[in-house]
Structures are given as structure tokens and as C-alpha cells.
Amino acid sequence: PDAANASSVERKCRDRARALLRRLDLLADLHARLARACDCSSLYWSRELLRPVLDALARDAPYKLPRLVLAAADVVPTLRAAQHLDDPDRLVNAWAATLLAALDDRVVLPLCHAVENDLRVRAHALAAA
């Protein structure tokens, strides 16, 4: 009975150790799995969606704009790995210019116009009072 009991305890200990090692393996690989799951580099290949997405974010959730810019940065390693150009940074710079132009066009300029209009209305209201 003691040998069977010791064997049972040893088996349980071994199974527990394997389970813990599996969990450790998952935790060690968590960063890589999250990076793969959250990769937003497809935004580059769907550039025609950038302006409508910016419109929606600027209108409904402007606090999410920094997240969109961070998501747009996911494509940079892919662009830098391009081998069909002598200088892959040209692709990165072109992507940054596209992103900045879209931000200017869809977020910054409308915001500037709204502020200017609001200031004009307030100035006229103060002048009339």
C-alpha cells in the first residue's frame, strides 16, 4: 500500500508540475500572442477607410484618436522590411504623410473652423451687448 500511495502522490505531483509548466509557457508567450492578435497593420492596406474612420472618431470618440495613431504605427516594421526599394524609409515617410494629411483634413481643420466660428459668434454677441 505504501508503494502504491507513493506512486499516486508522485503521479499527482508530476501532473501538477506539467500543468504549471503549461501555464508558465502560456504566460511567457503572452506578449507575442497579444502582438499578433492586436496587429493593426491592415490599416495600411485599407487606406480608403482611414478618412471615414477619422470622421467617426472625431465626431463620436475623439479620445480614441491617439489609439488610432498607435494602430497606424503597427505597419512600420512591415514597411521597413520592404525589399523592392533601396530605402524602405520612403514607404514609412509616405505612410506618415498620408496619416498626417488625413488627420489635418478630417480632425484639425474642422476643429479649427469650429473654434473660429465659435469665437466669431461670441465676439459678435459681446459687441452687441
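Numerical summary
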{"quantity": "Yes/no for ARG59 being open to solvent by 80 Å² or more (accessible area, probe 1.4 Å) and more than 30 Å from ALA96 (Cα to Cα)", "calculated": "no"}
{"quantity": "Flag for ALA82 being within 15 Å of the chain's Cα centre (by Cα) and open to solvent by less than 70 Å² (accessible area, probe 1.4 Å)", "calculated": "no"}
{"quantity": "Check on ALA28, out of contact with any Gly (no Cβ under 7 Å at 6 or more places or on another chain), aliphatic (A, V, I, L, M) and under 29 Å from LEU91 (Cβ atoms)", "calculated": "no"}
{"quantity": "Count of segment 40-52 residues which are more than 14 Å from THR98 (Cα to Cα) and either of a type in the set (A, V, I, L, M) or in contact with a Ser or Thr (Cβ under 9 Å, 6 or more places away or on another chain) (or both)", "calculated": "1"}
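The values are calculated or read from the model by the stated rules, or taken from the named source; none is laboratory data. These numbers come from a predicted model, not from an experiment. Positions of Cβ are generated from backbone atoms using ideal geometry, with glycine treated the same way; all protein chains shown enter the neighbour counts. Just the protein is used for accessible areas: all its heavy atoms, side chains included, with ligands, DNA and RNA removed. Shrake-Rupley method; radii C 1.70, N 1.55, O 1.52, S 1.80 Å.
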